[in-house]
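Novice: Below are the structure tokens for one structure; questions will follow.
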């Protein structure tokens, strides 16, 4: 069966750089499924790319290769990595892109270079084309990760936004604003100490505080009343704040880094 | 030969949700052609998605599966559908997305759920991933649509913009503004009671009235003079209003829902 | 092995026209790799598309078919082309799109039409769907280019931006502004008469003049100091002007067509 390679970059879709990487891959392996995750990561925003990978990778087949290039340090001394974790492979710069996959399970990181595949000197501006794509293609073709280079015991990790217990409940932060203006938080579904409400009946035992507002926890977008902002567990398995038919980010004036508290509905704000 | 699945959503291309659906599909069927129709449908704009499907689907091979997710009612009581029509399959929410394929021919609609493929409880926010993609993958792999669930005799239909005969000729409306600012109308090529003019000679016997202007009917974009607005039959087989090198929507101040009349050049406006 | 077809257009990604072309291709050949180069070429900007093809095509496998549709003259008398050059194929309107592949090597250009594949009358607005996609599919399936139609000895060529020697050094121009605001020039790596500097040591013997500024030539983005504008050889093998973490185009007020000079660091500006 064909291998699968996903691609995640901040290259945008106007310039032909993503296509160029695919051309390089297809010169190595022709029978492969190439899947774009996103190329609209904000330029140089490593955290946004790591969140995208964390949300999407678990839904891909075993042995999928995730090629990720958000690489402000290209051409500098930063290392290049191939990582084996959770039955998948990850290829990209060693700058924290793969932080979510370095927790909770075994992993093995290898330092790669053009020597991993007998290539010549790479350019100093486009390692996606010159190092990462050729290595991803070889992994998809079944080349073992171990032989690609020396082990890296200490891959770079990002400060990773989480939820923290406080006396009132849980505190987290907004980590991402999506296309609809939904505010995605650092609080994961499993952390929330109460069930969501379905519709307007059976109110949840939790409320969510953000910028002085106290919001209901509901089950899905359709449970939100017109004009209301509410919280729910979204598609990435994270608590998010949403409004119906409008951008919660714009309407509430909330953005990345703003604090969010989950607390019992009985306790005051 | 590999099956073909098209994808049409309002998810945008910044978040990894389209990629996530593709991962789910590839876990079921690996030898498949995945084709994006568009992910830039305006959020929750079911009519725009139905028009995109109507324009593109006829050019795909028999047995293509069209996966469409514009789903403001996700997690509510709205049904989920697999539809067989015109030798193709359509999978998505039962909210009118497939209206163009419920006219003019036999069809069969089936209510689907995670029970269609032995899956567990879906999320309440992402049925594209949890119901529609797994069903689309199975249809592409050759699973018969009939066994997926109970028949739906009354799928939801949109009010579908058409052209209506009036004493002067035909009246229709602008249904879409494309990337170039061309104004796409509800009037189909076959409805127009006159041939287009080629170039500046052999004027058409029809004129097109919109916001107080009377426009020529020409054969192609290159027939339009600089600064002129004119009408022609566009790529979707619909009458459209265009200007050369500029946006007709912006220049004329015309948009979706505005009225368009096709009449004989002899009659006054 | 599956053939490879790349797609380059100015269609954007909101309307389903790219997907429609892919549907047409898949009706002819199912076992094929379809790769988007870009669909965000500025409307009717033939030069931008030619630059994208020039940058990406060399990284694709032999016999790749490059389907390119930036076609302001669709429906007029402009010819339609299939071009064989550098071991690849190119299909699109005869308007200069393939200029970079008509230099430095043998090529053969063929005039194509629906007669090339026994098709009927094309629409007058969408030859991408009606002529170019069907021909590209046949080339990917192994149909020889020679049999598709008569030879074209004089395909249209664009005025192609280059670098010219002057007494101080080399003069060229800005040909493109990329997503990051980098200013891509007409000066190619091989034209530059000096090595780039690595980091802040070992200054290059060249400086680059643009809008009254004299910039350093460095090795990669990470060599640029915060707030500095500098020049480097970018991913397309062209000299470009970049700032770190900001748009050089916006900060310097420079754009397409502006003049750039490369000169010895010893000479005055």
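Novice: Limited to the stretch C:39-63, what total is found for residues that are buried (at least 24 other Cβ atoms within 10 Å of the Cβ) and closer than 19 Å to residue C:3 by Cα?
Specialist: Summing the residues that are buried (at least 24 other Cβ atoms within 10 Å of the Cβ) and closer than 19 Å to residue C:3 by Cα in the stretch C:39-63 gives 4.
Novice: Here are some conditions: (1) more than 14 Å from chain C (Cβ to nearest Cβ); (2) surrounded by fewer than 18 Cβ atoms within 10 Å (Cβ to Cβ); (3) modelled with pLDDT under 95. Residue A:86 meets all but one. Which one does it not meet?
Specialist: (3)
Novice: Let me ask something else. Identify the single condition in (1) assigned to a loop (DSSP other than H, G, I, E, B); (2) within 17 Å of the chain's Cα centre (by Cα) that residue B:143 does not satisfy, given that it satisfies every other one.
Specialist: For residue B:143, the failing item is (2).
Novice: It is to be established whether one or more residues within the stretch B:174-189 are more than 21 Å from residue B:258 (Cβ to Cβ) and either at pLDDT below 90 or surrounded by 14 or more Cβ atoms within 10 Å (Cβ to Cβ) (or both).
Specialist: So far as the stretch B:174-189 goes, no, none of its residues is more than 21 Å from residue B:258 (Cβ to Cβ) and either at pLDDT below 90 or surrounded by 14 or more Cβ atoms within 10 Å (Cβ to Cβ) (or both).
Novice: A further question follows. Just to verify a result, which residue in the stretch C:201-225, among those that are in a loop (DSSP other than H, G, I, E, B) and modelled with pLDDT of 90 or more, is farthest from the other protein chains (Cβ to nearest Cβ)?
Specialist: Of everything passing the filter in the stretch C:201-225, C:212 is farthest from the other protein chains (Cβ to nearest Cβ).
Novice: Next up: For residues that are more than 10 Å from chain B (Cβ to nearest Cβ), more than 15 Å from residue A:128 (Cβ to Cβ) and not in a loop (DSSP other than H, G, I, E, B), tally how many sit in the stretch A:40-67.
Specialist: 2
Here is a yes/no grid of residues against (1) more than 30 Å from residue B:40 (Cβ to Cβ); (2) out of contact with any helix residue (DSSP H, G or I) (no Cβ under 7 Å at 6 or more places or on another chain):
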site: A:161; (1), (2): no, yes
site: A:172; (1), (2): yes, yes
site: A:216; (1), (2): yes, yes
site: A:229; (1), (2): no, no
site: A:233; (1), (2): no, no
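Novice: Name the residue, out of A:70, A:74, that is at pLDDT 95 or above, within 14 Å of chain C (Cβ to nearest Cβ) and touching a helix residue (DSSP H, G or I) at 6+ places or on another chain (Cβ under 9 Å).
Specialist: Of the residues listed, the single one that is at pLDDT 95 or above, within 14 Å of chain C (Cβ to nearest Cβ) and touching a helix residue (DSSP H, G or I) at 6+ places or on another chain (Cβ under 9 Å) is A:70.
Novice: Which of the residues belonging to the stretch B:226-264 are under 20 Å from the mean Cα position of the chain (by Cα) and assigned to a loop (DSSP other than H, G, I, E, B)?
Specialist: Those that are under 20 Å from the mean Cα position of the chain (by Cα) and assigned to a loop (DSSP other than H, G, I, E, B): B:234, B:235, B:236, B:237, B:255, B:256, B:257, B:258.
Novice: Out of the stretch C:14-30, which residues are assigned to a loop (DSSP other than H, G, I, E, B) and at the interface with chain B (Cβ under 7 Å from one of its Cβ atoms)?
Specialist: C:14, C:15, C:16, C:30
The values are calculated or read from the model by the stated rules, or taken from the named source; none is laboratory data. This structure is a prediction, so every number in the text was calculated from the model and none was measured. A quick note on method: Cβ atoms are made from the backbone with ideal geometry, for glycine too, and the neighbour counts reach across all protein chains shown.
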